C-alpha cells in the first residue's frame, strides 16, 4: 500500500549456540571466560521492553523484574548471556533455583530485592534490528561491551576473560570454586543451535567413591537410577541418585547384581522410595560439586569399582 512503512522486528526466538565438552588447553586463537553457573537466556529489546527467553523457549521476563533495565538498550538489540544470583562474586545456583520457583508477583518482587539477579552478557546477536551473527566473536563481543556500558546498570555486566593461557585460567577458576571455563575461537561466527569446536566448555569436576544402597525402576521394571551413599566420618550418608553414564548393557548387569542383595530397609537415612540393597557394590561417580547438604550435583557414573 502506498505510504506504508514496515516496522522492523526481531525474531521470536533464536536457538542459542552450544559448546562441545573438552579439556583445558592453551591457544592464542581462543578467548577463555568463566562458565557461569546460571540460566542461559537471550534478551530481546524491542518497543522499550525486554523479553528474556530461556533455552526451552519460555519467556521468563516476569521472574526478573530487576532486569527490565535492559529496556534502556537501543531498540532492536539482542544479547546472549547467563542469569545468575551472585554471592561474593560467585554464582549461587541454589539461590537462582529459588528465584526460578517463585510464581506470585509478591514473592518475585520480594526476592528481586533480597537476592537480585544479574545478567552476565557474553555475546551480541542483533544491533538495531540488524543481525551481527555473521561477524566474528571478537567483533560481537566489542559491540556487546559497548551495549552493556551504555546501560550503566549494576544488574547487567559483561563477561570478561583472557586470551591464550587457558590452562592456567581454568586452574584459577576451579580453585575459586566456579563451574569451569568456556573457550571461544575469536574468529568464529554465531551459529544458532549448533555445537562445534568453535565453543568448548571445560567443566570442573570431582570424582567421588560411592556405594550403591538401592535403586529405582521404571514402569517396565528396567533400572532407572542408582541410590548412592558415601562414607563420611566413618559412616555412610545418602548423597543422591545417578542415572547418567549407564548404558543398556550395564543396566541389565546391575539389575542382575543388585536383586540378590535385596533388603527390607535402607542402610542410610533417605526420603527416596526405592528398592534397598546391601551396600556391596561400589562405584566411582563424577559430579560438578557437592551441594551444601552433601549431595552430588549433576552426577555421572564413571565406572564400577
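The values are calculated or read from the model by the stated rules, or taken from the named source; none is laboratory data. The shown structure was predicted, so the numbers you read here are calculated from the model rather than taken from an experiment. Every residue, glycine among them, receives a Cβ derived from its backbone with ideal geometry; neighbour counts consider all protein chains shown.
Evaluating residue 273 against the criteria (1) loosely packed, with under 11 Cβ neighbours inside 10 Å; (2) modelled with pLDDT of 90 or more leaves one unmet condition, (2).
Determine whether the range 264-277 contains at least one residue that is within 27 Å of residue 178 (Cα to Cα) and touching a strand residue (DSSP E or B) at 6+ places or on another chain (Cβ under 9 Å). There is no residue in the range 264-277 that is within 27 Å of residue 178 (Cα to Cα) and touching a strand residue (DSSP E or B) at 6+ places or on another chain (Cβ under 9 Å).
Restricting 67, 10, 79, 52 to residues that are buried (at least 19 other Cβ atoms within 10 Å of the Cβ), closer than 23 Å to residue 129 by Cα and not assigned by TED's automatic domain parsing to the domain that holds residue 189 narrows the list to 10.
The rows are residues; the columns are (1) out of contact with any helix residue (DSSP H, G or I) (no Cβ under 6 Å at 6 or more places or on another chain); (2) over 26 Å from residue 175 (Cβ atoms).
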| position | (1), (2) |
| --- | --- |
| 229 | yes, yes |
| 246 | yes, yes |
| 270 | yes, yes |
| 278 | no, yes |
| 293 | yes, no |
| 299 | yes, no |
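Each residue in the range 56-93 was checked for being assigned to a loop (DSSP other than H, G, I, E, B), over 26 Å from residue 18 (Cβ atoms) and in contact with a helix residue (DSSP H, G or I) (Cβ under 8 Å, 6 or more places away or on another chain), and 1 of them qualify. Give me the residue from the range 27-39 that is in contact with a helix residue (DSSP H, G or I) (Cβ under 9 Å, 6 or more places away or on another chain) and within 17 Å of residue 187 (Cβ to Cβ) and, out of that set, surrounded by the fewest Cβ atoms within 10 Å (Cβ to Cβ). Out of the qualifying residues, it is 27.
When 195, 224 are checked against the criterion of being free of Cβ contacts under 8 Å to residues at least 40 places away in the same chain and either in the same structural domain as residue 140 (by TED's automatic domain parsing) or surrounded by 15 or more Cβ atoms within 10 Å (Cβ to Cβ) (or both), 224 stands alone in meeting it.
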